[in-house]
Amino acid sequence: MFAVCFRFQPGRMRATFGTFFQRTIPTTMKQRMRFLSLVILMGLPAFPAIAQEPPSPAGTDSTIREDAPSKTWTERKVVSVILSTVIPGSGQTYLGHMEKGAAFTIATIASALMAGLSENNIVGRNERLDELKVQYSAATSYIGTDTVWTKMVSTKDILDKDIKRRDLFVKVAIGLWVANMVDIILFSDDRGEKPFGLINTPRATFAIVPDPRNGLHASLTVRF
């Protein structure tokens, strides 16, 4: 216990203060060691959780990082990325995601096909416009000129619709290709090599299995 007695006599206060410390703090080394041991024993009950202190977050994080498996690109992953770059969805199918791969492939091919058909129509409409321009220049009567002009306006309207349709399906195809690449790189794990083209009956089983060396390997099993 520590106490200071304040009085108006400065000399008296200093004498009392010095006398108190002389009586409280041990002077010899042995007494000091006993005093320090007593302070430690009195302070231990105030820290009951020291012995049960949880590990530091840094240690936990380092342990987790050491135990967590590192995501490395296998040969099948590289092959799947190359396949999806050429044909969207084929890489997903190669890794075992049949439904997702088929959806990407069908949607992308359909969009590209519609864009190609629209481009073909655009070429045809432009050729038709060139013919109508020649006819319009060669027309000698008002009726003939008006008829050709009406055809030119109608053809031009159809041509503008074909251009918009082509641009739309081109953007859709590009968007599907980009989504396919993001999916194959980030979200498609390898489910293992699985047979495709599988035909299973009670008597026979036919499957086509990818072979890294020979391309494809056909397997037929007949049960008697």
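The values are calculated or read from the model by the stated rules, or taken from the named source; none is laboratory data. Just so you know, these numbers come straight off a predicted model, no measurement behind them. We place every Cβ from the backbone using ideal geometry, glycine too, and count neighbours over all the protein chains shown.
Step by step: first the residues of region 64-94, then only those that are of a type in the set (A, V, I, L, M) and in a loop (DSSP other than H, G, I, E, B), then the one that is modelled with the highest pLDDT. Which residue is that? Even if it seems obvious, please write down each step before you answer.
Looking only at region 64-94, we keep the residues that are of a type in the set (A, V, I, L, M), and these are 64, 68, 78-79, 81-83, 86-87.
Now restrict to residues that are in a loop (DSSP other than H, G, I, E, B): 68, 87.
On the way: A68: 42, I87: 93.
Selected residue: I87.
Would you check if M42 is among the hydrophobic types (A, V, I, L, M, F, W, C) and either under 14 Å from I184 (Cα atoms) or at pLDDT 95 or above (or both)? Don't jump to the end; show me each part of the working.
Details: among the hydrophobic types (A, V, I, L, M, F, W, C): yes; either under 14 Å from I184 (Cα atoms) or at pLDDT 95 or above (or both): no.
Against the criterion (among the hydrophobic types (A, V, I, L, M, F, W, C) and either under 14 Å from I184 (Cα atoms) or at pLDDT 95 or above (or both)), M42 does not qualify.
Inspect region 95-113 for any residue being assigned to a helix (DSSP H, G or I) and farther than 28 Å from F187 by Cα and give the result as yes or no. Step through it out loud before you land on a result.
Of the residues in region 95-113, the ones assigned to a helix (DSSP H, G or I) are 98-113.
Now narrow it down to the ones that are farther than 28 Å from F187 by Cα: none.
Within region 95-113 (the criterion being assigned to a helix (DSSP H, G or I) and farther than 28 Å from F187 by Cα), the answer is no, since none of the residues qualifies.
Can you pull out every residue in region 99-110 that is surrounded by 14 or more Cβ atoms within 10 Å (Cβ to Cβ) and either in contact with a Lys or Arg (Cβ under 9 Å, 6 or more places away or on another chain) or not small (G, A, S) (or both)?
Here is the first cut: in region 99-110, the residues surrounded by 14 or more Cβ atoms within 10 Å (Cβ to Cβ) are 100-105, 107-110.
K100, F104, T105, T108, I109, listed by residue number.
Would you please name the residue that is surrounded by the fewest Cβ atoms within 10 Å (Cβ to Cβ), looking only at residues in region 178-207 that are modelled with pLDDT under 65, of a type outside the set (K, R) and at negative phi? Don't jump to the end; show me each part of the working.
If we filter region 178-207 for residues that are modelled with pLDDT under 65, which is where we start, we get 194-199.
Of the ones still in play, those that are also of a type outside the set (K, R) are 195-199.
Narrowing the set further to residues that are at negative phi leaves 195-196, 198-199.
Values: P195: 15, F196: 15, L198: 12, I199: 10.
For region 178-207, the residue satisfying everything is I199.
On the basis of being farther than 30 Å from R76 by Cβ, buried (at least 17 other Cβ atoms within 10 Å of the Cβ) and among the acidic types (D, E), does D157 make the cut? Please lay out each step first, then the result.
Values: farther than 30 Å from R76 by Cβ: yes; buried (at least 17 other Cβ atoms within 10 Å of the Cβ): no; among the acidic types (D, E): yes.
The answer is no for D157.
Just to be sure I understand, how many residues within region 81-98 are surrounded by 19 or more Cβ atoms within 10 Å (Cβ to Cβ) and touching a helix residue (DSSP H, G or I) at 6+ places or on another chain (Cβ under 7 Å)?
Of region 81-98, the ones surrounded by 19 or more Cβ atoms within 10 Å (Cβ to Cβ) are 83-84, 88-95, 97.
Restricting the remaining residues to those that are touching a helix residue (DSSP H, G or I) at 6+ places or on another chain (Cβ under 7 Å) gives 83-84, 88-95.
Number satisfying all stated conditions: 10.
In region 135-154, which residue that is more than 53 Å from the chain's Cα centre (by Cα) and of a type in the set (A, V, I, L, M) is surrounded by the fewest Cβ atoms within 10 Å (Cβ to Cβ)?
We begin by selecting, within region 135-154, every residue more than 53 Å from the chain's Cα centre (by Cα); these are 135-150.
Then keep just the ones that are of a type in the set (A, V, I, L, M); that gives 138-139, 143, 148.
On the way: A138: 10, A139: 15, I143: 8, V148: 19.
The selected residue is I143.
Can you name every residue in region 118-134 that is among the hydrophobic types (A, V, I, L, M, F, W, C), more than 21 Å from T145 (Cβ to Cβ) and surrounded by fewer than 14 Cβ atoms within 10 Å (Cβ to Cβ)?
First, pick out the residues of region 118-134 that are among the hydrophobic types (A, V, I, L, M, F, W, C): 122-123, 129, 132, 134.
Cutting the leftovers down to more than 21 Å from T145 (Cβ to Cβ) gives us 122-123.
Residue satisfying the conditions is V123 alone.
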